[in-house]
Amino acid sequence: MMFRWCLVLLSLVFCAGAQAAYGVDQLMADLAQNKGGRARFVEKRHIALLDKPVQSSGDLVYAPPDRLEKRTLLPKPEMVVLDRDMLSLERDRRRMSISLSSRPEARAFVESIRSTLSGNRQALEQHYSLQVQGVSSDWTLSLVPTEPAIAKLLQRITVSGSGSQVRHIDYLLADGDRTEMAIDPVDAP
């Protein structure tokens, strides 16, 4: 009986040690395996001036390493496309584009998403300190801005998921407003 308890205890210690070893390097390696694909999203924006969150939904398409599309279908159609250095927005038959190289704060924000999806630790660490909690099957990555110009706009980004799949993104802005995005993968290429 004592031998069995020792085995159980050793296995618990071993499992806890294995879980504790999961960190930024392993998460980035897992995320780098993501081959892209399509997902559905539901986004809730909590804005201090409003009584209830503003909700939108639609589709996301990711083509590694540097193309991301966000097609909002409800409540109103909108399309945001990130293709390499260009960010384009189309809404109400109007279209605008900006080069991210001319907008460092926008670039840092975009890199938080794109570099997480591609598992690019080096690009993330140019703008954020990284902290990982959990295990491969249920992880959380916290990104805290390291640059004052970004910290004036953004307190923290929290990304969570399983393996190479991002399932949830929370943005906490410096003014206290918050955006939550739930992501449900539909297919992969």
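How large is ³J(HN,Hα) for each residue in region 66-81, as worked out from phi by the Karplus curve 6.51 cos²θ - 1.76 cosθ + 1.60 (θ = phi - 60°), to whole Hz, x for Gly and Pro?
Computed from phi, the couplings for region 66-81 are 9, 10, 9, 10, 10, 9, 7, 9, 10, x, 8, x, 7, 10, 10, 10 Hz.
With a probe of 1.4 Å, find how much accessible area the chain has per residue, and write the answer as a whole number in Å².
On the way: 11500 Å² over 189 residues.
I get 61 Å² per residue for this part.
Which of the helices in the chain, when you take each full DSSP H run, stretch at least 24 Å along the axis at their Cα atoms and have an average Kyte-Doolittle score of 0.0 or higher? The partial results should precede the final answer.
Details: long enough: 2-20 (27 Å, 1.65).
Result, helices passing both filters: 2-20.
With all protein chains present, how much of the accessible area of the chain (probe radius 1.4 Å) comes from carbon and sulfur, to the nearest whole percent? Walk me through the numbers before you get to the answer.
Values: 6520 of 11500 Å².
So the carbon and sulfur contribution to the accessible surface is 57 percent.
HN-Hα J couplings of region 82-92 from phi, Karplus 6.51/-1.76/1.60, θ = phi - 60°, integer Hz, Gly and Pro as x?
10, 10, 6, 9, 9, 10, 10, 10, 10, 8, 6
Given the options T158, T72, S97, identify the residue whose Cα lies farthest towards the positive end of the charge dipole of region 69-189 (+1 on Cβ of Lys, Arg; -1 on Cβ of Asp, Glu).
Of the listed residues, the answer is S97.
Please check the chain for the longest run free of trypsin sites (Lys or Arg not before Pro) that are loop-located per DSSP (anything but H, G, I, E, B) and have at most 15 other Cβ atoms within 10 Å.
Values: sites that count: K35, R84, R93, K152.
Counting only loop sites that pass the neighbour cut-off, the longest clear stretch is 94-151.
Answer rounded, prolate or oblate for region 77-189, using the Cα gyration tensor with square roots of eigenvalues a ≥ b ≥ c: rounded when a/c is under 1.5, else prolate when a/b is larger than b/c, else oblate.
Details: a/c = 1.62, a/b = 1.20, b/c = 1.35.
Cα axes put region 77-189 in the oblate bin.
Residue by residue through region 153-158, which ³J(HN,Hα) values in whole Hz follow from phi under the Karplus form 6.51 cos²θ - 1.76 cosθ + 1.60 (θ = phi - 60°), with glycine and proline marked x?
Calculated HN-Hα couplings, in order: 9, 9, 7, 6, 10, 10 Hz.
Hey, got the dipole for the chain? About the Cα centre, +1 on K and R Cβ, -1 on D and E Cβ, debye to the nearest 20?
Working: 24 positive and 23 negative charges, 67 e Å.
Taking the Cα centre of the chain as origin, the dipole is about 320 debye.
The values are calculated or read from the model by the stated rules, or taken from the named source; none is laboratory data. If you're wondering where the values come from, they're calculated on a predicted model, not measured in any experiment. FYI the Cβ positions are ideal-geometry reconstructions off the backbone, even for glycines, and counts take in every protein chain you see. Heavy atoms of the whole protein, side chains included, go into the accessibility calculation; ligands, DNA and RNA do not. Shrake-Rupley method; radii C 1.70, N 1.55, O 1.52, S 1.80 Å.
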